[in-house]
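The values are calculated or read from the model by the stated rules, or taken from the named source; none is laboratory data. Values in this document were obtained by computation on a predicted structure and should not be read as measured data. Here the Cβ positions follow ideal geometry from the backbone for every residue, glycine too, while neighbour counts run over all protein chains shown. Ligands, DNA and RNA are excluded from the accessible area calculation, which covers all protein heavy atoms including side chains. Shrake-Rupley method; radii C 1.70, N 1.55, O 1.52, S 1.80 Å.
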Amino acid sequence: MTSQQQRDALHRQIWAIANEVRGAVDGWDFKQFVLGALFYRFISENFTSYIEAGDGSINYARMADGAIPQEAIVDAVKTKGYFIYPSQLFANVAASANANESLNTDLAAIFKAIEGSARGYPSEEDIRGLFSDFDTTSNRLGNTVKEKNDRLAKVLKGVAGLPLKFEENHGDLFGDAYEFLISNYAANAGKSGGEFFTPQHVSKLIAQLAMHGQASVNKIYDPAAGSGSLLLQAKKHFDDHIIEDGFFGQEINYTTYNLARMNMFLHNVNYDKFKIQHGNTLENPHFLDEKPFDAIVSNPPYSVRWKGSDDPTLINDERFAAAGVLAPKSKADFAFVLHALHYLSAKGRAAIVCFPGIFYRGGAEQKIRKYLVDSNVVETVIALAPNLFFGTTIAVNILVLAKNKTDTKVQFIDATRENEFFRKGTNTNVMEDRHTDRIIEIFASKENEPHVAATVDQVDIVGKDYNLSVSAYVEPKDTRVKTNIAQLNAELKTTVGNIDRLRTEIDAIVSEIEA
């Protein structure tokens, strides 16, 4: 069995267990318990591996809580960001879960203690509230304490049974399992699924676009971080040292914000290498002291409402002032674009998923396009195939911004052709590595290619009233079947003649029979 077949088999087992432990509860509503338990197991094994440090004579899980010296606790929190006593380890709690009549309150106390261990240390903000969505008193677990404990024990036992070993796989399988679960929950969650998870194949393309040609970047940022999948794709597909100062993101949904922080830990990104903040990016932006960023990736919500002109101070905000106009109140798309541009370094590149309408509509959006084109920061616009994302079937675009362009040209890529740029999937379409590689190849070359890519001068865009739609510059291939009318008429004439002959023969046969 190949490693991919082994991974696929593991994923099937993980999903089967996730479905079994939730019982009749909706998977979307139950996701935080399965994901939280997986995270709890990971940090327990991660911490145990750190304490034992490969010394076979140490068995941390069997040590007494009181045997841990205070200096060891302090050193651990400074290094790992948190502390877990032996009695609080996932393995010990899971082992006695079925017989523990106070499991729900014990778990709540353990989670509070783990978060509290970081209080007063640099990791405090990164650890605080991590388990807040793992509500051990939730009615989703049952109506009575016994029902809650039974369901919690089932979750812990199910996650304990997953064949994952931190020390053997350096956390890779844990991270993959977490991403797999998030992806499946998103795929089954309808529209809301797309709000917190970008499919891995699209994330990979966006990360490659943002980091293309950069030997190293200072840090990478996502202003609408979701569960952190876009940021982590950059880590997965590039050497660790290329991202020097870590991963930054802001997320408005508190549950998703927690998922993103867990996702970082599960992919072995230590607390001092990431900063994920909770809040409204457009109205209360973080990381103004951290900018600029050499790489920015984002899949912001499409056409979401924001304050816009209702807040007269926003027009003076440094992020929006240069454009001279605010994005429409009912369509904040360009507000996210201008926010990203403001955070982008002089050598950096931003790759942002955008709703297609913003590239051709008039009014304020046209004025913002004019600002972007006249400022010469639009590098490429890529039209993707429809139905690539969870929760929406629309064909979105990727806008690539760069502040270090050496010419005034803009590239347009039509990546909507089936087989060349995507394949049909069961529920959604899929871009495989060969498809993303093809797009990156075209992006890097900037060469014109009939029906696929066109690199045009700024003056051509001005002549089209700053329309940035790919279809305005790349002529689609005519896939209609061409018909030779003369040949068709000849074939029809032959067919009619054959029908007349057959009728004559049939009439003759009928006459003989009647005679």
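Specify which of the listed residues (Asp126, Asp75, Asp106) is touching a strand residue (DSSP E or B) at 6+ places or on another chain (Cβ under 8 Å) and assigned to a helix (DSSP H, G or I). First the steps, then the outcome.
Details: Asp75 fails: touching a strand residue (DSSP E or B) at 6+ places or on another chain (Cβ under 8 Å); Asp106 fails: touching a strand residue (DSSP E or B) at 6+ places or on another chain (Cβ under 8 Å).
Result of the check over Asp126, Asp75, Asp106: Asp126.
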Could you tell me how many of the residues in the stretch 11-21 are free of Cβ contacts under 8 Å to residues at least 24 places away in the same chain and either surrounded by 12 or more Cβ atoms within 10 Å (Cβ to Cβ) or touching a strand residue (DSSP E or B) at 6+ places or on another chain (Cβ under 7 Å) (or both)?
1
Which residue is most open to solvent (accessible area, probe 1.4 Å), if the candidates are limited to the stretch 265-322 and must be in contact (Cβ under 8 Å) with a residue 60 or more places away in the chain and assigned to a helix (DSSP H, G or I)?
Asp272
Odd one out for Leu38 among (1) over 19 Å from Asn149 (Cβ atoms); (2) in a loop (DSSP other than H, G, I, E, B)
(2)
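Being β-branched (Val, Ile, Thr) and at pLDDT 95 or above: is that true of Ile440 here? Write out each step before concluding.
Details: β-branched (Val, Ile, Thr): yes; at pLDDT 95 or above: yes.
Spelling it out, Ile440 is indeed β-branched (Val, Ile, Thr) and at pLDDT 95 or above.
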Filter the stretch 237-254 down to the residues that are modelled with pLDDT of 90 or more and open to solvent by less than 50 Å² (accessible area, probe 1.4 Å), then identify the one that is nearest to Ser216 (Cα to Cα).
Gly246
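Out of all the residues in the stretch 432-445, which are touching a strand residue (DSSP E or B) at 6+ places or on another chain (Cβ under 9 Å) and surrounded by fewer than 14 Cβ atoms within 10 Å (Cβ to Cβ)? Explain how you work it out, then say what you get.
Filtering the stretch 432-445 down to residues touching a strand residue (DSSP E or B) at 6+ places or on another chain (Cβ under 9 Å) leaves 432, 435, 438-439, 442-443, 445.
Hits for the stretch 432-445 are Glu432, Ser445.
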Criterion: free of Cβ contacts under 8 Å to residues at least 40 places away in the same chain and either more than 25 Å from Ala351 (Cβ to Cβ) or surrounded by 10 or more Cβ atoms within 10 Å (Cβ to Cβ) (or both) - qualifying residue of Asn448, Asn429:
Asn448
Residue check: is Ala99 more than 23 Å from Leu164 (Cβ to Cβ), open to solvent by 40 Å² or more (accessible area, probe 1.4 Å) and more than 34 Å from the chain's Cα centre (by Cα)?
yes
Considering only residues of the stretch 334-354 that are open to solvent by 10 Å² or more (accessible area, probe 1.4 Å) and closer than 20 Å to Leu384 by Cα, which is nearest to the chain's Cα centre (by Cα)?
Phe336
Look through the stretch 41-66, keep the residues that are open to solvent by less than 10 Å² (accessible area, probe 1.4 Å) and without any contact (Cβ under 8 Å) to a residue 60 or more places away in the chain, and return whichever of them is farthest from Lys148 (Cα to Cα).
Tyr60
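Just to verify a result, which residue in the stretch 403-426, among those that are among the β-branched types (Val, Ile, Thr) and open to solvent by 80 Å² or more (accessible area, probe 1.4 Å), is nearest to Leu338 (Cα to Cα)?
Kept after step one, since they are among the β-branched types (Val, Ile, Thr), are these residues of the stretch 403-426: 406, 408, 410, 413, 416, 426.
From what is left, the residues that are open to solvent by 80 Å² or more (accessible area, probe 1.4 Å) are 406, 426.
Working: Thr406: 21, Thr426: 36 Å.
Only one residue fits best here, namely Thr406.
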Matching residues in the stretch 77-89 - criterion: being open to solvent by 10 Å² or more (accessible area, probe 1.4 Å), within 22 Å of Gly158 (Cβ to Cβ) and within 34 Å of the chain's Cα centre (by Cα):
Gln88
Considering every residue within the stretch 96-119, establish whether at least one is farther than 28 Å from Ile276 by Cα and in contact (Cβ under 8 Å) with a residue 60 or more places away in the chain.
yes
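Condition test on Ala486, is it of a type in the set (A, V, I, L, M, F, W, C) and either within 21 Å of Val373 (Cβ to Cβ) or open to solvent by less than 60 Å² (accessible area, probe 1.4 Å) (or both)?
No, not satisfied.
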Which residue is modelled with the lowest pLDDT, if the candidates are limited to the stretch 175-202 and must be of a type in the set (S, T, N, Q) and surrounded by fewer than 24 Cβ atoms within 10 Å (Cβ to Cβ)?
Ser192
